[in-house]
Structures are given as structure tokens and as C-alpha cells.
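Derivation of every value follows stated rules applied to the coordinates shown; laboratory data play no part. Remember, predicted model here, so these are calculated numbers, not experimental data. Don't worry about glycine lacking a Cβ; one is built from the backbone with ideal geometry, like all the others, and counts go over all protein chains shown.
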Amino acid sequence: MPLVLNKIFLISALVATFFSAPKFVSAKETADSTKDLKSEIKEYISHHLEDAYDFSLYSYTNEKGEHIYISIPLPVILWDNGLQIFSSSKLHHGEEVARVGSNYYKLEHGKIYKTDVEGTITYDEAHHATNYAPLDLSITKGVVSMLFIALLMFWLFRSLAKTYSENNGVPAGVGRFFEPIVLYIRDDIARPNIGEKKYMKYMNFLLTVFFFVWFLNLLGLTPLGVNVTGNIAVTFGLALLTFLITNFTGTKDYWLHLFDPLGSSMKWYAKIPLYIILIPIEVLGIFIKPFSLLIRLYANMQAGHIVLMSLIGLMFIFKSWLGSPLSFGLAFAISLIELLVALLQAYIFTMLSALYFGFAAEEHEHH
Amino acid sequence: MVGAGLVVIGVGMGIGRIGGSAMEAIGRQPDAYGKIQTAMLIAAALVEGIGFAALFAV
């Protein structure tokens, strides 16, 4: 079984690169003893929900009262009068100033600002930093996760396609698991919503977006602690693709439906007062549809992560034989529900995208 | 805060009604299971969206 061995080797190599060499990025921070547990948990949760410049594995407070963070640093790429590339370990979780060439950068509330040697950051009245923030193109935790999922999907589905041609069109191995899903998307999502004639054109996007969202949702449930689909920029990107595809593949009937929904059923002078209201609503609808897509995915994943993390946090607040097992059980149950939600949200995103493509591809029989 | 709670109650009732009606519909017409399920999920997703909007407005 050389092929299986190969796969096992590849997977273990991937896992090894992720876990084996965590660099010790120690940042000194004297633990504030007055900071209570509740605000610490709150901070932890909000930190988890955000994208980060490194893969933090764990942190602890040593006997001297210093916070030690253990994490895998990722490259920071800034555009500040030329490309600035450095490791995120230089940022030290915002506790030290990173010196790159003749520039100094500091991490403040999850954003990188340009500072002077001492790392002074000035604030306005609303406590927003007024320092110059260079254009940030960093490979963050979310970017790494997305690249990882993209590579995984490429490798998985390429090898799947290969087994089909080797096996005379019969699925083998993991293909037996994925074939029904692919067929479901084709026969129960794309065909009925888009129509027999045009559905093939949209299948690439629907399948890609379904598996991409599903895998990313599942990755968010692993202890790696990534929250990619709960990041509004990511869901915005996905919804933007749906928006562009819908409008660029729109047929004449689609645009007629938008700007002349009543057609020849009414005289033109009767349509004017109606269209003053109707057309703005229809035009707004073009934008509201993908907007609801992006908000739904973002809010669902974000809410799921918050609930899960809060329940885990409750364990440390209760610290009793009754409360902690109870919140552990709840966290376990919510994890199972989140497994379902991960699939359901990917399904709904694909389903609604297909529905919108169906509007765009519609062709009325003219009577 | 109270408003958000009220919205969540409303959303819960809405999704409950959607689910209940879908069950009844499936009971009446088991053949249309797939179509009813799709329509149910879309309606539920739309109601849910309002709930999240309220929660994030807090």
C-alpha cells in the first residue's frame, strides 16, 4: 500500500510543520494581580475572535509573574514606502517595538502602527490611535488557514478525480464519501434553482464555495482556534464573488425584471409613479441579497464561537463540582450543534447563491 | 439589551412556527420532502438574520 503510506507521510509532515517547532516567543508582561478572572476571559474570547499575526498555542504565567506566550510566528508584510517583511515574533504581542531597518512598528489593539523609537502611540478623544498605519498585507492566521484549506482542497479533489479515471468512473476511498455530497449539490441545489440548461456553468463556483466554507467552518472547531468564516472580511469576499457572478451572468430578462418589472402589462405613463418606488427597491435588492449572505455566515460563526468560548470560560468561573461539569456538558453539546451548523451554513450559502444565480439566469417565455 | 431579548424571543417563535409548519407540510405530503425542507431552511435563515442583526446592534 505505497499510496496510503504516502498519504500518511504527507499528513504527518503537514501536522509536524504545524506543531513540532513552536518558537518560544516570550514577552514580558507583569501579571496584573488586580485583573479579575471575568475580564481575563472576556479578553481571551475577543482575542480569539480576531485575526492574529501568529498561531498562539498557549500561554502561561511563570513563577516570576511574567506572561510567556508560546506561538508560531507568521510573516508580517507591510507596504510603507516599499515592502517591509519581518517575522511577527518581533512584535512581541504588542509589548515591544519592532525595529525594521530605520522604521519602528508597534502592535496596538490588533493593528500595526508606525511609531518612534520609544513606541509612543498617540490617541484622539475616542481613544483611537492617531499614528500612521501602513498598508497591511500580512500572512495572518486566517490567511494561513485559507491557504491551507485551498491546498487541501486542490490536493483532495485532484486525487479524487484521478481515482475516477483509474477506476473506470467508480469512486474509491474518500471519493465514496464525497460523491454523494457533490451529487447532492448538483441535483438538489443547482439543478432545481438554476435550471437544466445553465446549471453546469455555475457548478464550479457552487462546489468550491460549499467545500471551502464547510472546511473552514470545521477548521474553526479544531483546537487551532482559527475563526476564519467568522471574519467579516472573508465572508465579504465570498459574497462579493456571488454578487459579481450574479450580475455578470445576468441575462436580458434579469435586467428587464430589475428595471421594467411590469413589462407591457401597463401603459408607460401608468408605470412612472410605480417605478419611482419599485426601481430603487429592486436596485437595493441587488446589494441586499449578497449582504445578507455575508452577514448570515459571519454572524452564525461568530455567535457559535462566542457561545462555545463563553461556556468553556464558565468552567473556570464556577470552579465547583456542580457547575463545571454542567458547563462542560453544555460546551460538548454546543460543539456537536456547531458541527451541524458548520455544514448547514455552507449549505445555505451555496443554496442561496444558487438561488441568486437562478434569478440571473432566468429566461422568460414571452407571451 | 431588553430589546435584543425581545427580538430573540420573536425570532425563536418565528423559527419554531416555520419548523412546525414544515413538519405538518411534510406530514401531509411526504413526497415533497426535499422542496419543503429547502423552503423551510431559506425562511429560517431569513428570520435568523434579523435575530443576528438585533444581537449585533446591542
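Here are a few things to note about the model shown:
- Computed with the Debye formula from one identical point scatterer per Cα of segment A:143-360, without solvent, the log10 of I(q)/I(0) at q = 0.08, 0.13, 0.15, 0.19 Å⁻¹ comes to -0.40, -0.86, -1.03, -1.35.
- Take every pair of alpha-carbon atoms less than 8 Å apart whose residues are at least six positions apart; their mean separation over the length of segment B:2-57 yields a relative contact order of 53 percent.
- This ranking places A:40, A:63 by how few other beta-carbon atoms lie within 10 Å of each, fewest first, which gives A:63, A:40.
- Only Lys, Arg (+1) and Asp, Glu (-1) charged, at Cβ; the protein assembly as shown dipole about Cα centre in debye: 900
- Amide proton proximity set for residue A:76, modelled H, under 5 Å, gap of 5+: A:86, A:87, A:88
- Interchain or long-range residues, amide H under 5 Å from residue A:57's placed H: A:70, A:71, A:72
- Long-range tail of P(r) for segment A:125-219 (Cα pairs > 23 Å, %): 46
- Between the alpha-carbon centres of segment A:143-187 and segment A:330-367 there is a gap of 20 Å.
- As a proxy for reagent exposure, ranking A:140, A:130, A:208 by other Cβ atoms within 10 Å from fewest up yields A:130, A:208, A:140.
- Length-normalised contact order for chain A - Cα pairs under 8 Å, 6+ apart - percent: 16
- Cleavage-rule hits (trypsin sites (Lys or Arg not before Pro)) in segment A:135-217: DSSP loop, at most 12 neighbouring Cβ within 10 angstrom: A:197
- With θ taken as phi - 60° and the Karplus curve 6.51 cos²θ - 1.76 cosθ + 1.60 applied, the whole-hertz 3J(HN,Hα) list for segment A:350-362 is 5, 4, 5, 4, 4, 4, 5, 5, x, 4, 5, 8, 5 Hz, x standing for glycine and proline.
- Cα principal axis extents for segment A:57-174, largest first, Å: 67, 43, 31
- Efficiency of FRET between residue A:118 and residue A:39 - r from beta-carbon atoms, R0 45 angstrom, step 0.05: 0.95
- Estimated from the Cβ-Cβ distance and a Förster radius of 41 angstrom, the FRET efficiency linking residue B:9 and residue A:87 is about 0.25.
- Cα pair distances in chain B, grouped into 10 Å bins until the bin that holds the longest one, percent each: 25, 42, 22, 10, 1
- Put in line by how crowded their Cβ is, counting other Cβ atoms within 10 Å and starting with the fewest, A:305, A:47 read A:47, A:305.
- Its residues counted as N, the protein assembly as shown yields a C-alpha radius of gyration over 2.2 N^0.38 Å of 1.16.
- Evaluating 6.51 cos²θ - 1.76 cosθ + 1.60 at θ = phi - 60° for every residue in segment A:175-185, the Karplus couplings come out as x, 5, 7, 8, 4, x, 5, 4, 5, 4, 5 Hz, glycine and proline recorded as x.
- Cα-based convex hull, segment A:210-330, per residue volume (Å³, whole number): 153
- Calculated diffusion of segment A:40-125, Stokes-Einstein form, Kirkwood radius summed over Cα pairs, 4 °C and 1.567 mPa s, µm²/s: 91
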